[in-house]
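The values are calculated or read from the model by the stated rules, or taken from the named source; none is laboratory data. It should be emphasised that the depicted structure is a prediction, and the values quoted were computed from it without experimental measurement. As a convention, Cβ positions derive from the backbone with ideal geometry for all residues, glycine included, and neighbour counts pool all protein chains shown.
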Amino acid sequence: MLRPQDTSSRERVRLDGLWAFAFDPADRGRAEEWWRGDLPGAVEMPVPASYNDVPATREAHDHVGDVWYQRHVRVPARWDGRRVVLRFDAAAHRAVVWWNDVEVGRHEGGYTPFECDVTAHVRSGETARVTVVVDNRLHLTSIPPGIVDVLPDGRRRQRYFHDFFNYAGLHRTVWLYTTPPEYVEDITVTTEVTGADAQVRYRVDVAGGRVAEVVLRDADGTERARAAAAEGTLEVADAKLWRPGHGHLHHLEVRTAGADPDEYVLPVGLRDVRVDGDRFLINGEPFRFRGFGKHEDGAVRGKGHDDVLMVHDFALLRWIGANSFRTSHYPYAEEVLEYADRHGVVIIDETPAVGLNFEIAHTLVPGDPEHIFAAVDDTTRAAHLHAIRELVARDKNHPSVVMWSIANEPDSARPEARPYFEPLVAAARAADPSRPVCFAQVQLPPDRDVISDLFDVICLNRYNGWYVDTGDLATAERELEAELREWVRRHGKPIIVTEYGADAVAGVRSVTAGTWTEDYQVELLETFHRVFDRIDSVVGEHVWNFADFATGYGVNRVDGNKKGVFTRDRRPKSAAFALRRRWRGTDSPQ
Ligand code: GCB
């Protein structure tokens, strides 16, 4: 799915800002058809943002159910005769959209965009009422899964099996944009590097028309290759490659034929990715992942995209010497991927399939199904499949994305996990044969895991010294090493430790380095690093987490998860300096 653009044939307007907003805890809005007029009792709510922490009430924070957003949109008179599209970059977790009185779209899944073609309903020059209902409920049939309990007093309570707060709302930009009636619907690009040259295999899907020309230009605008077909391979001699740390981009200009041609310009990075034995190769060179699992999370705005925070986070990644991160545990805003493309940051791109595991949930109550695969069904798997396809459809052209992670910590010990995952892995490969596929595996030894052989890279989340052998780093070191060596022996694939870490409350220090101190966090990370440095197949270290983040209520969470190397407001803990020494080999402030 192409991102909206301003080109010679397209125009876009951001509908961000303050929208009218109403909570609907008793589910009245759909029955009373609130889209037909002004929202009752509306307040103002910023978009993009999570709504939960903005009103400063417990009810808003803990709301379970529908909320309504509404605003008026003026359609420029000059748009007469254009195709007009209303696009939501994200609505967590599902939404229905009305243009005046007409339903124009609905979407399931909180982290991927969806579009409503409103051409038939638009009168240029008019002011239209746009209404959106957004439902944050997680069910056993949604991705991620959850359970909504109705309490004796009639309130709803949401349970979920993942460790980050269920922020909701319109988290990303809302657009109104135009294309010509015949338009470029999609572009798919895969690139390969052969010696000094590169090949760009491309396919353009045009709705109602045909391709006139496809031109590949270097960053300075120099034409490097050209074609006139909808599909083909462009040869680039002596190519300037996209590399980790050097986000060199080319641009593929696509123009359609006819009296009202469309133009779309796609950034393209010339690079390839391959797994060879226990190496992870980018452009044929072994790549070592240094970085973090992250979250989209910040004070007040929750998961609302914010360019300020994004650019700052990338600056901190650079400061600390990280070269990569995982979009744990859902697809991040496209702005993030585009920034990573431009700056050569490597990404493992994850679906929102987090919490397919009752073993680590601690939220079950009597009467719940015994294990996750007894609880989910074909609808859940269809939602998971849909999430994989939407992720690939959105992110397939980003050079920064080097691998798909199709789940985080599913219950991979259950025999039922295998028939559940086999078709999903196949679907991921079919959707994109050019990138390896992985999942992040929870603390299970190789002899208990039933699905890892289906994947290209072994990605392990390990909490030795924290959840296991708490406070005992000598045992943690011994057991971690023994376990990793067993993974090497059985699978011979590259290993990335996609999570390791310890909670540390900023400012809590101790000469005896007890748990929850900054000092223990440093010592635990150093313990893991000694082990990584002794095992060649470990090609990646992603600390959990980049920054402290909000979670649901819990007796083992102090105002959220404190495994951040930075605090939630991005101040460094001692661990940040320790990592910087390891990853950059320096203590200098630059
Ligand atoms: C994990 C999860 C992550 C949690 C983390 C923790 O294994 O993948 O979402 O936040 O552990 O801190 O417990």
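What the table below lists for this structure:
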{"read-out": "Residue within segment 148-160 that is at pLDDT 95 or above and among the small types (Gly, Ala, Ser) present", "value": "no"}
{"read-out": "Residue in segment 569-582 that is over 30 Å from Arg301 (Cα atoms), away from the ligand (no atom under 16 Å from the Cβ) and either within 28 Å of the chain's Cα centre (by Cα) or small (Gly, Ala, Ser) (or both) present", "value": "yes"}
{"read-out": "Those strands (runs of 3 or more DSSP E) lying entirely in segment 1-53 with at least 3 residues hydrophobic (A, V, I, L, M, F, W, C)", "value": "17-24, 43-47"}
{"read-out": "Residue check for Arg78: part of a helix (DSSP H, G or I) and modelled with pLDDT under 95", "value": "yes"}
{"read-out": "Test set (1) in contact with a Gly (Cβ under 9 Å, 6 or more places away or on another chain); (2) in a loop (DSSP other than H, G, I, E, B) - His251 fails condition number", "value": "(2)"}
{"read-out": "Condition met for Ala333 (of a type outside the set (S, T, N, Q), within 15 Å of the ligand (Cβ to nearest atom), over 19 Å from Trp242 (Cβ atoms) and in contact with a helix residue (DSSP H, G or I) (Cβ under 8 Å, 6 or more places away or on another chain))", "value": "no"}
{"read-out": "Positions within segment 485-508 being over 22 Å from Val555 (Cα atoms) and of a type outside the set (Val, Ile, Thr), in sequence order", "value": "Arg485, Glu486, Trp487, Arg489, Arg490, His491, Gly492, Lys493, Pro494"}
{"read-out": "Selection count where residues are within 11 Å of the ligand (Cβ to nearest atom), farther than 28 Å from Arg318 by Cα and not charged (D, E, K, R), scope segment 553-568", "value": "2"}
{"read-out": "Total residues in segment 102-132, condition within 23 Å of Arg394 (Cβ to Cβ), of a type outside the set (Phe, Trp, Tyr) and not in a loop (DSSP other than H, G, I, E, B)", "value": "11"}
{"read-out": "Identity of the residue in segment 280-305, touching a residue at least 40 places away in the same chain (Cβ under 8 Å) and of a type in the set (Asp, Glu), that ends up nearest to the ligand (Cβ to nearest atom)", "value": "Asp297"}
{"read-out": "Inter-residue pairs, beta-carbon under 6 Å, first assigned to a loop (DSSP other than H, G, I, E, B) and in segment 184-198, second at pLDDT 95 or above and surrounded by fewer than 16 Cβ atoms within 10 Å (Cβ to Cβ), 6+ apart", "value": "Ala196/Asp238"}
{"read-out": "In segment 141-171, residue farthest from the ligand (Cβ to nearest atom) [restricted to those that are hydrophobic (A, V, I, L, M, F, W, C) and assigned to a loop (DSSP other than H, G, I, E, B)]", "value": "Leu151"}
{"read-out": "Scan of segment 377-391 for residues that are surrounded by fewer than 22 Cβ atoms within 10 Å (Cβ to Cβ), in contact (Cβ under 8 Å) with a residue 40 or more places away in the chain and either in a loop (DSSP other than H, G, I, E, B) or of a type in the set (A, V, I, L, M) (or both), ordered by number", "value": "Asp377, Ala383, Leu385"}
{"read-out": "Yes/no for Ala417 being of a type in the set (Gly, Ala, Ser) and more than 17 Å from Lys563 (Cβ to Cβ)", "value": "yes"}
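For every residue, the table says whether it meets (1) within 16 Å of the ligand (Cβ to nearest atom); (2) in a loop (DSSP other than H, G, I, E, B); (3) under 28 Å from the mean Cα position of the chain (by Cα).
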site: Arg435; (1), (2), (3): no, yes, yes
site: Asp453; (1), (2), (3): no, no, yes
site: Ala474; (1), (2), (3): no, no, no
site: Arg478; (1), (2), (3): no, no, no
site: Glu486; (1), (2), (3): no, no, no
site: Lys493; (1), (2), (3): no, yes, yes
site: Leu525; (1), (2), (3): yes, no, yes
